[in-house]
Amino acid sequence: MAVPTDTEAMTPQARAARARQLRKNVGGSVAILAIGLVLYFLPVPAGVDPRGMHMLGIFVATILFLILQPLPTAAVAIIGLTVAMVTGTMAPGTEAFTGFGSSSIWLIIAAFFIAQGFVKTGLGRRIALLFLSWLGNSSLGVSYGLAATDLVLAPATPSNTARLGGILFPVITSISEVADSTPASEPSRKRLGAFLTATANNVNAVTSAMFMTAMAGGPVAVALAADQDINISWGTWALAGLVPGIIALILVPLICYRLVPPTLKKMPGGSESARNELHQLGAMKRGEVIMLVTFIAMLLLWSLGSLIHINSTTVAFLGVSVLLLTRVLAWGDLAANKGAWNTLMFFAILVGMAGQLNTLGVIKWLGDTIAGVVGDLPWVWVLIILSAVYMVLHYLFASELAQIVALYALFVSVMVGAGVPAMVAALMLGAISALMGAMTHYASGPAALIFGSGYLKTSEFFRAGAVVAVVTLIIWILAALSWWQVIGLV
């Protein structure tokens, strides 16, 4: 008896959908290859290394393939790097693997492991329940409790997907289900779950913007800024994001409350329910205590790093080492963290390729070209216009990191060339690189996770994402610039 193939076992609708996706991938791939080849063979501008246009063509094609995603992200990055080596655009011994030596990349990897500690020990859930026990008697109060939890966890969980998905999302779904709110029907999802998920998604973008280590792209942006001699410490980023971040965290739940209003306004017994669950958890376990002490120590060391001359990556690995020595984490936990190792492969390759663009003079050439268009404007207007353009361009990207690697250094270079203070340009674009992560259901890992839960319609997702993006951009331009003058960054 013949065994049916996967295709034969599909329904006609599934086969048709698969055929459409295949045609889309083939057509898109042909178009991307054409774009890459055109850039590859462009005449070399003055001041650019002869390999510069080759690198630009390969890099742009790689980024576009990451958006199309005919293959997994890491696979696309490996193929792009291979093409760069085969064509002689990147020398294997001295250029191709420079990204793997970036301390910022390894900071991301270490922080993935630290996030595992929060989930494995249960400390993240305990913190969430603690805030809910204080603020859980109304739907709006619950949203602020979740926001406060996200804020507390953000500095030490640079995987914003892990923070929202591994710690907060299970709490959100539990609260929604207790309130009889599931994605099963329109009235049910609107009862509470749609509001909580919309708020959590947009709050996560704000907390990711407040700390260098609150999302994977933060350290990468810092590394790219350092390539232009703009040195941002962990404390500088955190201090810069304090005031605009707090203002945004106050406003975002209120905005979502208007855009995706819950039909359940009050939750009698919500705080009591959280207190009961906390009581059932009992006293903090050994692993939670170690995780908490390690977390606090890391925050202190990150905050004081510039004063005591300790690198952020060193602090992160010190924390991981403590968790390993105390058996809170085992090597098996680290080895099984596919997200961390996929991130290493993908980010290290793209950071190395972006660095090569800068080394070959392509970034400076592009920056000078764009600066010629906006160069006559006052620097504040340059900052506003290019910040807005940078954010809008994220509608074309399915990853915050992909856009950071593709455009961050370029936009910083253009801003600085047009007179924007270097630190202001780097910090503003660093914050926007996180704020844009909630704009669409494909904008980031957390956004995709929230959309996949089924609580939000596509139209609701885009509307809330667009409105909050505009509001937070205005907050960062107005409040941040005012605050940065007070603390001497402007």
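The values are calculated or read from the model by the stated rules, or taken from the named source; none is laboratory data. None of these values were measured; they are calculated from a predicted model. With ideal geometry, Cβ positions are generated from the backbone for all residues, glycine too; neighbour counts draw on all protein chains shown.
Across the range 173-195, the number of residues qualifying as modelled with pLDDT under 85 and over 17 Å from Leu146 (Cβ atoms) comes to 1. Taking the criterion of being among the hydroxyl-bearing types (Ser, Thr, Tyr) and exposed (fewer than 15 other Cβ atoms within 10 Å of the Cβ), the only residue of the range 315-358 that qualifies is Ser321. Taking the range 270-343 as the region of interest, the helices (runs of 4 or more DSSP H) fully inside it that hold 1 or more residues being within 27 Å of the chain's Cα centre (by Cα) and not acidic (Asp, Glu) are 286-303, 305-308, 312-325, 331-335.
When residues in the range 429-477 are screened for being outside any helix (DSSP H, G or I), more than 14 Å from the chain's Cα centre (by Cα) and not aromatic (Phe, Trp, Tyr), 4 of them pass. Scanning the range 423-457 for residues that are of a type outside the set (S, T, N, Q) and in contact with an Asp or Glu (Cβ under 8 Å, 6 or more places away or on another chain) yields Ala434, Met436, Gly437, Ala443. All conditions in (1) in contact (Cβ under 8 Å) with a residue 12 or more places away in the chain; (2) over 30 Å from Thr173 (Cβ atoms) hold for Met436, with the sole exception of (2). Among the residues of the range 404-432, those identified as modelled with pLDDT under 95, touching a helix residue (DSSP H, G or I) at 6+ places or on another chain (Cβ under 6 Å) and within 22 Å of Gly352 (Cα to Cα) are Ile404, Val405, Ala406, Tyr408, Ala409, Leu410, Phe411, Val412, Ser413, Val414. Report the residue count in the range 137-158 for those that are among the polar types (S, T, N, Q) and within 11 Å of Asn204 (Cα to Cα). Total meeting the criteria: 1.
Between Leu300, Leu249, the distinction of being within 22 Å of Asn202 (Cα to Cα) and out of contact with any Lys or Arg (no Cβ under 7 Å at 6 or more places or on another chain) belongs to Leu249 only.
Kindly establish whether Ser174 is out of contact with any Cys (no Cβ under 7 Å at 6 or more places or on another chain), more than 20 Å from Val351 (Cβ to Cβ) and free of Cβ contacts under 8 Å to residues at least 24 places away in the same chain. Criteria met by Ser174.
Pairing residues of the range 455-472 that are touching a residue at least 24 places away in the same chain (Cβ under 8 Å) with residues that are crowded, with 16+ Cβ neighbours inside 10 Å and aromatic (Phe, Trp, Tyr), at Cβ distances under 8 Å and at least 6 apart in sequence or on separate chains, gives Phe461/Phe451. On inspection, Ile255 does not qualify as touching a residue at least 60 places away in the same chain (Cβ under 8 Å), among the hydrophobic types (A, V, I, L, M, F, W, C) and not in a helix (DSSP H, G or I). Exactly one residue out of Met298, Met284, Met210 is aliphatic (A, V, I, L, M) and at pLDDT below 90: that is Met298. Of the residues making up the range 323-331, one or more are without any contact (Cβ under 8 Å) to a residue 60 or more places away in the chain, touching a Gly at 6+ places or on another chain (Cβ under 9 Å) and not β-branched (Val, Ile, Thr).
Would you confirm whether any residue within the range 144-164 is within 18 Å of Thr313 (Cβ to Cβ) and among the hydroxyl-bearing types (Ser, Thr, Tyr)? Yes; the residues of the range 144-164 include at least one that is within 18 Å of Thr313 (Cβ to Cβ) and among the hydroxyl-bearing types (Ser, Thr, Tyr). Of the residues making up the range 444-454, those that are in contact (Cβ under 8 Å) with a residue 12 or more places away in the chain and out of contact with any Gly (no Cβ under 7 Å at 6 or more places or on another chain) are Gly445, Ile450, Ser453, Gly454. Taking the range 375-402 as the range and being polar (S, T, N, Q) and at pLDDT 85 or above as the test, only Ser387 passes.
When Gly52, Gly122 are checked against the criterion of being under 30 Å from Leu278 (Cα atoms), touching a residue at least 60 places away in the same chain (Cβ under 8 Å) and surrounded by 15 or more Cβ atoms within 10 Å (Cβ to Cβ), Gly122 stands alone in meeting it. Report yes if Asp227 is of a type outside the set (A, V, I, L, M), modelled with pLDDT under 90 and under 30 Å from Pro421 (Cβ atoms), otherwise no. In short, yes.
Kindly indicate whether any position in the range 362-374 is outside any helix (DSSP H, G or I), of a type outside the set (A, V, I, L, M), out of contact with any strand residue (DSSP E or B) (no Cβ under 8 Å at 6 or more places or on another chain) and surrounded by fewer than 20 Cβ atoms within 10 Å (Cβ to Cβ). No - not one qualifying residue is present in the range 362-374. One residue stands out among those in the range 224-252 that are hydrophobic (A, V, I, L, M, F, W, C) and outside any helix (DSSP H, G or I): the one that is surrounded by the fewest Cβ atoms within 10 Å (Cβ to Cβ), which is Ile230. What do you reckon, is Asn311 touching a residue at least 12 places away in the same chain (Cβ under 8 Å), surrounded by 13 or more Cβ atoms within 10 Å (Cβ to Cβ) and either over 29 Å from Leu242 (Cβ atoms) or aliphatic (A, V, I, L, M) (or both)? Considered against the rule, which asks whether it is touching a residue at least 12 places away in the same chain (Cβ under 8 Å), surrounded by 13 or more Cβ atoms within 10 Å (Cβ to Cβ) and either over 29 Å from Leu242 (Cβ atoms) or aliphatic (A, V, I, L, M) (or both), Asn311 comes out as no.
Any residue at all in the range 63-83 that's of a type in the set (Ser, Thr, Tyr), modelled with pLDDT under 85, within 31 Å of the chain's Cα centre (by Cα) and within 30 Å of Lys338 (Cβ to Cβ)? The answer is yes, given that some residue of the range 63-83 is of a type in the set (Ser, Thr, Tyr), modelled with pLDDT under 85, within 31 Å of the chain's Cα centre (by Cα) and within 30 Å of Lys338 (Cβ to Cβ).
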